[in-house]
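Enquirer: Following this message is one structure expressed as structure tokens.
The values are calculated or read from the model by the stated rules, or taken from the named source; none is laboratory data. Because the structure is predicted, anything quoted here is derived from the model rather than measured. Because the Cβ atoms are built from the backbone with ideal geometry, glycine has one as well, and the counts that use them run over all protein chains shown. Accessible surface is based on the protein model in full, side chains and every heavy atom, while ligands, DNA and RNA are left aside. Shrake-Rupley method; radii C 1.70, N 1.55, O 1.52, S 1.80 Å.
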Amino acid sequence: MRSLSRIGAVTAKEFIHLLRDRRTLAVVLALPVLQMLLFAYAISFDVKNVATVVIDLDKTPASQAYVSSYESSDFFTVVGTGDDLAAVDGVFDHNQALIAVVVPSGFGRSLAAGEKGSVAVYLDGSEPTAARVGQAFSTALNQVYSQQVTIRWADAQGLDVTAAGQLEPRVRTWYNPEKRSSDYLIPGLMVVIIMVVAVQQTAVSLVREREQGTDEQLAISPMRRWEMMLGKVAPWTLLAFLELAVVTAVGMWFFDLPLRGSIGVLALGAALFVFCSLGLGLVISAVAPSLETANMLGLLLSILPAFILSGFAFPLSSIPGWLQVVSCLFPARFMVTITRGVFLKGAGLAELWPEIAALGAYAVVVIAVAIVLTRRRR
Amino acid sequence: MSGVDPVRPGPLLGTAPNPDAALSVRGLTKRFGSFTAVDGIDFDVPRGQIFGFLGPNGSGKTTTIRMLTGTSGANAGAALVLGEDVLSHPERVKKRFGYMSQKFALFEDLTVEENLRFYAGVYDLSAEEFAKQRAYVLAMADLRGRENELTANLSVGWRQRLALGTATIHQPELLFLDEPTGGVDPVARRHFWDLLYDLASRGVTLFVTTHYMDEASHCNQLAFIYRGGLIAEGRRTTFAAT
Ligand SMILES: Nc1ncnc2c1ncn2[C@@H]1O[C@H](COP(=O)(O)OP(=O)(O)O)[C@@H](O)[C@H]1O
Ligand SMILES: [Mg+2]
């Protein structure tokens, strides 16, 4: 009961600090979303809105339907149309488009005959990345289109192709090809954001109390060390969950991030991960001699491991062996596995229990270390 | 006011600590490596006294308070605080004493009210106790009507009084004050000592450190510490009326 009163007092106070400190509040609330939008757009930008010119030499309903599939795709932005092959040169020379799609005459006729229709896709080789990606997607689009043609043809013949099983899923996978990179990145980015905010804020908060002298005042009071830690950690846990929810919502709305797995496992993992991050922050604040050092250490020990040692930016299997060992010193790698597993693979406790267990053990150890280190300071 | 206690300079060395005293210290020693910050000091402070602990900067005053409040261990010696062995069981007395640090440990981004409420929560006051103590502190510190002002906007004198208020919100029997008048102007200092007399008149024992010799006149018992050792200790027979 008394513990509860003391923990509650600290938590209430921390919330007031946060509400009074507009800058930190703005950073904590707005930055993650901003960061995510910038990051995710920057990454998916090279596979989006590629300027495209469509030249339809066939001018049949079939060719028009094919051309409109470019217009309706997020990936291509049709910036012009033409009816002359010579237009392609001019388009590339003036950097109007990176891709020119030419539908030859006879396209509609061969489709109607049940033959493979062929289309020419011209790429501006001076923009190799966009061109290469463009080529890949053009090919994909062609497959989608040809399947739709097949379905239409099958429908006309009275066959049920979806029941045949193999066409529908392939159509779906290919239908949103441009979203795959953000699907992969957002669950990782979530982990980075939570880690940076949680580690940074707790790292700073104990050091600030020490510099104000309030730490000493509280050491003399009946408040116990763990009560203070818990009280400080509680608001940030709540906030981290809020951020997780916001990032998930933004991811699902703006980037069509699928949420295939168990929300319960995600929440459990997130709770443990937040405690790990906060514990790491407390360890930093126990060893940092000044506010600046705490800030620096907080950034260094949150951003670097979250980006490099988590599998977020590079697959863990591609980093050197000793770094893989180092990566186990930070909780991010386990959490990235959990978020990706839950969001993308539909994983639950059965698949993710080793990561959950690792986070649980990490949380206990790191908070114990933090308490021992702060005790030793006196 | 006048003191009636006779001078009692006698050494306490070797005697058992006195459990009836507010503070009873024997041979208390603190070393930092090879440096001895507090060197075997002995003193008794009977209840209700204003005990002045005088000494220049770096003589060991704060270190002594840390040991007496259970935040720092001692290397040797014994210390009874309100009859409890504070060196081995500080948690037994923590609710019964208060402490006002050199730095006025207030949260500057919290209002007067919020600071009071926080410390009330730390000492687990009931709603009624808090209402009563809040009214008392606001009146005492002359902060009525300024409850919602940010602590950062208070001038030093008010901040000092608010710090005293938060340090006494749980009605301690014994109050440690570590250089409470540092950086405060003479008028506010005088006002502050009036508040301390008021506390003493309610039976609170005060342990006040200072390096201002003139503040000795406010105390009815004094000890001088120099380089970690007590060089004089005793009670005043008379002291300046205020
Ligand atoms: N944690 C510590 N480590 C090493 N030396 C310390 C520590 N705390 C205090 N000291 C030293 O002990 C001496 C007494 O300090 P202190 O009790 O703060 O003096 P005062 O409060 O009388 O000004 C000083 O010389 C100070 O440098
Ligand atoms: Mg001092």
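Enquirer: Picking from B:LEU177, B:LEU154, B:LEU195, B:LEU150, which residue would you name as being away from ligand 1 (no atom under 16 Å from the Cβ), open to solvent by less than 10 Å² (accessible area, probe 1.4 Å) and of a type in the set (A, V, I, L, M, F, W, C)?
Expert: Of the residues listed, the single one that is away from ligand 1 (no atom under 16 Å from the Cβ), open to solvent by less than 10 Å² (accessible area, probe 1.4 Å) and of a type in the set (A, V, I, L, M, F, W, C) is B:LEU154.
Enquirer: Report whether or not A:ILE356 is touching a Leu at 6+ places or on another chain (Cβ under 7 Å), closer than 14 Å to A:VAL191 by Cβ and in contact (Cβ under 8 Å) with a residue 60 or more places away in the chain.
Expert: no
Residue by residue, here is whether (1) modelled with pLDDT under 85; (2) outside any helix (DSSP H, G or I) holds:
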{"residue": "A:ASP215", "(1), (2)": "no, no"}
{"residue": "A:ALA219", "(1), (2)": "no, no"}
{"residue": "A:PHE241", "(1), (2)": "no, no"}
{"residue": "A:VAL250", "(1), (2)": "yes, no"}
{"residue": "A:ASP256", "(1), (2)": "yes, yes"}
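Enquirer: Out of (1) within 11 Å of ligand 1 (Cβ to nearest atom); (2) at positive phi, what's the single condition that is false for B:GLN102?
Expert: (2)
Enquirer: Any residue in the stretch B:193-210 that's away from every other protein chain (no Cβ under 14 Å) and outside any loop (DSSP other than H, G, I, E, B): show its pairings with residues that are within 16 Å of ligand 2 (Cβ to nearest atom) and among the polar types (S, T, N, Q) at Cβ separation under 7 Å, as long as the two are six or more apart or on different chains.
Expert: Within 7 Å, the pairs are B:THR210/B:THR181.
Enquirer: So, of the residues in the stretch A:29-59 that are open to solvent by less than 30 Å² (accessible area, probe 1.4 Å) and modelled with pLDDT under 75, which turns out to be nearest to the other protein chains (Cβ to nearest Cβ)?
Expert: Among them, the one singled out is A:PRO32.
Enquirer: In addition: If you take the residues in the stretch B:124-138 that are under 20 Å from the mean Cα position of the chain (by Cα) and over 20 Å from B:GLU108 (Cα atoms), which one is nearest to the other protein chains (Cβ to nearest Cβ)?
Expert: Top of the filtered list is B:GLN133.
Enquirer: Quick one: in the stretch B:10-65, of everything that is within 16 Å of ligand 1 (Cβ to nearest atom) and basic (Lys, Arg), which residue is least open to solvent (accessible area, probe 1.4 Å)?
Expert: B:LYS61
Enquirer: Let me ask you something else. Quick check on B:THR111: is it open to solvent by less than 30 Å² (accessible area, probe 1.4 Å), within 13 Å of chain A (Cβ to nearest Cβ) and at pLDDT below 95?
Expert: no
Enquirer: Let me ask you something else. So B:LEU177 clears everything in (1) in contact with a helix residue (DSSP H, G or I) (Cβ under 8 Å, 6 or more places away or on another chain); (2) in contact (Cβ under 8 Å) with a residue 24 or more places away in the chain; (3) more than 16 Å from ligand 2 (Cβ to nearest atom) except one condition, right? Which one?
Expert: Checking B:LEU177 against (1) in contact with a helix residue (DSSP H, G or I) (Cβ under 8 Å, 6 or more places away or on another chain); (2) in contact (Cβ under 8 Å) with a residue 24 or more places away in the chain; (3) more than 16 Å from ligand 2 (Cβ to nearest atom), the one that fails is (3).
Enquirer: Return only the number of the condition from (1) at pLDDT below 85; (2) on the phi < 0 side of the Ramachandran plot that A:GLY346 does not satisfy.
Expert: (2)
Enquirer: Please note which helices (runs of 4 or more DSSP H) are completely contained in the stretch A:273-378 and include at least 3 residues that are buried (at least 19 other Cβ atoms within 10 Å of the Cβ).
Expert: In the stretch A:273-378, A:291-308, A:332-345, A:349-376 are the helices (runs of 4 or more DSSP H) which contain 3 or more residues that are buried (at least 19 other Cβ atoms within 10 Å of the Cβ).
Enquirer: Does at least one position in the stretch B:216-235 carry a residue that is within 15 Å of the chain's Cα centre (by Cα), in a helix (DSSP H, G or I) and among the aliphatic types (A, V, I, L, M)?
Expert: yes
Enquirer: Follow-up. Can you spot a residue in the stretch A:259-276 that is modelled with pLDDT of 85 or more, among the β-branched types (Val, Ile, Thr) and farther than 23 Å from A:ALA30 by Cα?
Expert: Yes.
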